[in-house]
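*Asks:* Sharing a structure below in structure tokens format, with a few things to ask.
The values are calculated or read from the model by the stated rules, or taken from the named source; none is laboratory data. Worth saying up front: this structure is predicted, and the values here are computed from it rather than measured. FYI the Cβ positions are ideal-geometry reconstructions off the backbone, even for glycines, and counts take in every protein chain you see.
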């Protein structure tokens with residue numbers, strides 16, 4: 001089987017020759033550049049300065065030699081920024097700063113902070129929908145976004161890997177929290193619903209315009225479309241289930257229908273961290289095909305139970321190794337045992353692509369990454 005055939009077979013809830021494996025096809029299945037440098041050394045590959053393809057999370061662009069040695073099955077890409085925006089890094093004595101195309105300012109601690117964290121929300125003073133109309137939202141269909149996109153997709157197809165296309169932003173809840181500020185947007189949901197709904201509608205409009213253009217250009221080469229939001233905390237949803245169903249479910253349903261109307265063949269990969277068991281039936285109902293990251297250390301996110309309850313209608317992309325405790329802090333043997341357990345839980349009958357629970361972080365030792373990959377090779381065989 002080619003990698004593409006392997007992943008598509010799994011997503012169709014059939015058993016391929018082995019469990020597919022992903023490293024970095026999306027900004028939620030990647031690897032921090034610090035861990036990536038160590039992994040290259042452990043693989044005996046030449047050192048170098050890795051390209052950073054996700055600035056906020058400091059994710060490394062995984063090169064073809066690593067893809068080959070790690071036997072990955074997927075590659076992916078996100079659109080570029082619009083032509084109206086250029087990256088400018090500024091600094092003071094403590095931090096590096098940049099402001100992205102949405103007007104969100106982030107900072108990274110010097111000399112070697114791990115991430116760029118949000119420090120300014122551009123819509124924090126908004127009070128009415130009219131304030132949103134005056135805000136310079138980015139152009140989702142700017143020509144600069146799509147430069148080189150089809151060329152990359154055409155390169156991936158002959159390699160035999162599956163191609164995953166990402167969107168222009170995080171989801172409506174996450175973007176609302178960033179643009180308004182966490183306290184403001186949570187309060188909006190309770191006390192200024194008109195503003196909260198107007199902002200969600202604007203984000204949804206921009207997403208739909210982007211997907212119309214992107215899928216018109218490369219939809220014939222795309223197998224998986226990646227969208228997401230962050231609905232869950234460690235032990236519960238970030239908003240009450242009834243509120244989620246009022247505010248976010250109908251709009252997410254519109255987005256899923258829009259994408260599938262433009263590319264009926266694609267699998268809809270949806271990311272949400274945290275304890276989201278309570279709304280998984282809703283995600284299935286509105287057409288989500290693939291759930292990521294399957295945060296197994298959270299409440300009600302047991303991998304065996306999730307497979308039993310949703311394995312016929314939902315594929316799981318992630319959940320292979322807990323990244324809160326086991327992958328960074330465990331021994332290689334504990335990592336192998338964890339990977340075997342999750343493969344045993346999630347792989348039977350297909351419907352599973354192995355990836356860690358979210359990105360591999362900077363503190364993960366390379367021996368644990370290699371132990372994980374060896375476990376997938378050893379325990380992930382169907383034939």
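*Asks:* Quick one: which of 35, 10, 42, 68 is more than 30 Å from residue 106 (Cβ to Cβ) and crowded, with 22+ Cβ neighbours inside 10 Å?
*Replies:* 10
*Asks:* Right, residue 235: touching a residue at least 24 places away in the same chain (Cβ under 8 Å) and surrounded by fewer than 20 Cβ atoms within 10 Å (Cβ to Cβ) or not?
*Replies:* Taking the combined requirement at face value, the residue satisfies it.
*Asks:* Does residue 371 satisfy the condition of being closer than 22 Å to residue 162 by Cα and either crowded, with 19+ Cβ neighbours inside 10 Å or in contact (Cβ under 8 Å) with a residue 60 or more places away in the chain (or both)?
*Replies:* no
*Asks:* Would you call residue 62 surrounded by 14 or more Cβ atoms within 10 Å (Cβ to Cβ), touching a residue at least 40 places away in the same chain (Cβ under 8 Å) and under 27 Å from residue 16 (Cβ atoms)?
*Replies:* No: the conditions fail for residue 62.
*Asks:* Still on this structure: Kindly provide the set of residues from segment 316-332 that are in contact (Cβ under 8 Å) with a residue 40 or more places away in the chain and touching a helix residue (DSSP H, G or I) at 6+ places or on another chain (Cβ under 8 Å), ordered by number.
*Replies:* 320, 321, 327, 328
*Asks:* Among (1) over 19 Å from the mean Cα position of the chain (by Cα); (2) surrounded by fewer than 15 Cβ atoms within 10 Å (Cβ to Cβ); (3) closer than 29 Å to residue 145 by Cβ, which single condition is residue 93 missing?
*Replies:* Result: residue 93 passes all but (3).
Residue-by-condition table, conditions (1) surrounded by fewer than 22 Cβ atoms within 10 Å (Cβ to Cβ); (2) modelled with pLDDT of 95 or more; (3) within 20 Å of residue 14 (Cα to Cα); (4) over 19 Å from the mean Cα position of the chain (by Cα):
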| site | (1), (2), (3), (4) |
| --- | --- |
| 277 | yes, yes, no, no |
| 288 | no, yes, yes, no |
| 317 | no, yes, yes, no |
| 354 | no, yes, yes, no |
| 383 | yes, no, yes, yes |
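*Asks:* Is it fair to say residue 281 is closer than 19 Å to residue 207 by Cβ, over 19 Å from the mean Cα position of the chain (by Cα) and surrounded by fewer than 19 Cβ atoms within 10 Å (Cβ to Cβ)?
*Replies:* no
*Asks:* Might you let me know whether segment 231-250 holds any residue that is modelled with pLDDT of 95 or more, closer than 26 Å to residue 161 by Cβ and either outside any loop (DSSP other than H, G, I, E, B) or within 18 Å of the chain's Cα centre (by Cα) (or both)?
*Replies:* no
*Asks:* Moving on to the next point. Could you list, in sequence order, all residues of segment 337-352 that are surrounded by 21 or more Cβ atoms within 10 Å (Cβ to Cβ) and either out of contact with any strand residue (DSSP E or B) (no Cβ under 9 Å at 6 or more places or on another chain) or over 16 Å from residue 12 (Cβ atoms) (or both)?
*Replies:* Across segment 337-352, the qualifying residues are 338, 339, 342, 343, 345.
*Asks:* State whether one or more residues within segment 208-230 are in contact with a helix residue (DSSP H, G or I) (Cβ under 8 Å, 6 or more places away or on another chain), free of Cβ contacts under 8 Å to residues at least 60 places away in the same chain and in a loop (DSSP other than H, G, I, E, B).
*Replies:* Yes, the conditions are met somewhere in segment 208-230.
*Asks:* Only helices (runs of 4 or more DSSP H) wholly contained in segment 1-91 count here; list those with 3 or more residues that are over 24 Å from residue 154 (Cβ atoms) and touching a helix residue (DSSP H, G or I) at 6+ places or on another chain (Cβ under 7 Å).
*Replies:* Here the list reads 33-42.
*Asks:* Okay, moving on. Among helices (runs of 4 or more DSSP H) lying entirely in segment 113-181, which contain 1 or more residues that are touching a residue at least 24 places away in the same chain (Cβ under 8 Å), under 21 Å from the mean Cα position of the chain (by Cα) and surrounded by 14 or more Cβ atoms within 10 Å (Cβ to Cβ)?
*Replies:* Those helices (runs of 4 or more DSSP H) span 149-159, 172-180.
*Asks:* List the number of the failed condition for residue 48; all other conditions in (1) free of Cβ contacts under 8 Å to residues at least 60 places away in the same chain; (2) surrounded by fewer than 16 Cβ atoms within 10 Å (Cβ to Cβ); (3) within 27 Å of residue 179 (Cβ to Cβ) hold.
*Replies:* Unmet condition: (3).
*Asks:* State whether the residues of segment 329-345 include one that is assigned to a loop (DSSP other than H, G, I, E, B) and within 23 Å of the chain's Cα centre (by Cα).
*Replies:* no
*Asks:* A further question on this structure: Considering only residues that are out of contact with any helix residue (DSSP H, G or I) (no Cβ under 7 Å at 6 or more places or on another chain), without any contact (Cβ under 8 Å) to a residue 40 or more places away in the chain and not in a helix (DSSP H, G or I), which ones fall in segment 266-290?
*Replies:* none
*Asks:* Output the residues belonging to segment 291-308 that are surrounded by 15 or more Cβ atoms within 10 Å (Cβ to Cβ) and part of a helix (DSSP H, G or I).
*Replies:* Correct list: 303, 306, 307.
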